[in-house]
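Accompanying notes for the structure given below.
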């Protein structure tokens, strides 16, 4: 049985375009960060009910920076 705790969400130091939010989320789930960024932008533009910029800013404030 694996007793290690799941890795917390952190902003990426190495894989960042603006603040490392999407890079950190992609790294947490093992996804491609570029694909996640593209999907996030497309979904944000196509959905008026999903304020992508506001969500990104909130995540930027709430997610801690990845340790060195």
Find the relative contact order for the chain and round it to a whole percent, using C-alpha pairs within less than 8 Å whose residues are 6+ positions apart.
34
Can you tell me the FRET efficiency between residue 53 and residue 16 if r is taken as the Cβ-Cβ distance and R0 is 22 Å, rounded to the nearest 0.05?
0.85
Would you calculate the volume per residue, in Å³, of the smallest convex hull containing every Cα atom of the range 21-62?
63
How much length, in nm to one decimal, is gained on full extension between residue 29 and residue 61, taken as 0.36 nm per residue of separation minus their Cα-Cα distance?
9.5 nm
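Any read-out appearing in this document is the output of simple, stated calculations on the displayed coordinates, not a laboratory observation. Values in this document were obtained by computation on a predicted structure and should not be read as measured data. In this analysis, Cβ positions are derived from the backbone assuming ideal geometry, glycine residues included, and neighbour counts consider all displayed protein chains.
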